[in-house]
1. Calculate the length of the line joining the C-alpha centroid of region 69-108 to that of region 124-147, in whole Å.
2. Local charge sum around Leu72 (other residues, Cβ-Cβ under 10 Å, Lys/Arg +1, Asp/Glu -1)?
3. Say the dipole of the chain comes from +1 at the beta carbon of Lys and Arg and -1 at that of Asp and Glu; which of Gln125, Met111, Leu96 then lies farthest toward its positive end?
4. Given (1) 1.01; (2) 1.17; (3) 1.09 as candidate values of Cα Rg over 2.2 N^0.38 Å, which corresponds to the one derived from the coordinates?
5. List the residues whose amide H sits under 5 Å from the amide H of Val99, counting only those 5 or more places along or on another chain, with H placed 1.01 Å from N in the peptide plane.
6. Calculate, in nm to one decimal, what Lys113 and His41 gain on full extension: separation in residues at 0.36 nm each, minus their alpha carbon distance.
7. To check you understand DSSP bridge types, tell me what percent of the beta bridges within region 47-153 (both residues inside) are antiparallel, rounded to 5.
8. Given a Förster distance of 25 angstrom, what is the FRET efficiency for Lys77 paired with Asn139, based on the Cβ-Cβ distance and rounded to 0.05?
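The values are calculated or read from the model by the stated rules, or taken from the named source; none is laboratory data. Nothing here was measured: the structure is a model prediction, and the numbers come from that model. No Cβ is skipped: glycine too gets one built from the backbone with ideal geometry, and neighbour counts run over all protein chains shown. We work out accessible area using only protein heavy atoms, side chains counted, and drop any ligands, DNA or RNA first. Shrake-Rupley method; radii C 1.70, N 1.55, O 1.52, S 1.80 Å.
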Amino acid sequence: MFQYGQLLGAYLIDTNGTTYATYKEWMENGSQSEIVKILMHVDISKMESTEKLLHYTFDKNYFVVKTGNEYLEIFPKDINKGQSVKRLADYLKIDLQQVMAIGDMDNDISMIKLAGMGVAMENAQPRVKDIADYITKDNNHSGVGLAIEKFAL
């Protein structure tokens, strides 16, 4: 599946937040918790091809997302930031149109789309900027604070 050097590391994370280097390690630990995500550290020069391969292989049953320049994560299909924001808004009885979501990576897209005000950081990935309602300054220039001042205060 993977070429030599394409995958620099893969880690399993369980419901307790414990990280395992291998499936065998998780099994030997006798953990009663479930694996909730797989974090993959990818050679940056091979990121595009690795991302395409993972989407092709897993998109039908899982949520595959780039979470950093060198990281891809695989989650259960219904686990993402958008679903978490929706559950929290429902719990707090807040209309999603009153929610602002700010992000920069692909894993932020679901919540930015869902929120009444979706904000991308200036240094965000192009896909994030494309779906945002507003683009703020980058993280080194108080982008989050500026967006809060503009839309929430």
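1. Comparing the Cα centres of region 69-108 and region 124-147, I get a distance of 16 Å.
2. Result for the local shell: -3.
3. After comparing all options, I get Leu96.
4. (2)
5. Close amide H contacts, sequence-distant or interchain: Gly116, Met117.
6. Details: separation 72, 0.36 × 72 = 25.92 nm, distance 2.65 nm.
Computed gain between Lys113 and His41 is 23.3 nm.
7. In region 47-153, approximately 45 percent of DSSP beta bridges are antiparallel ones.
8. 0.25
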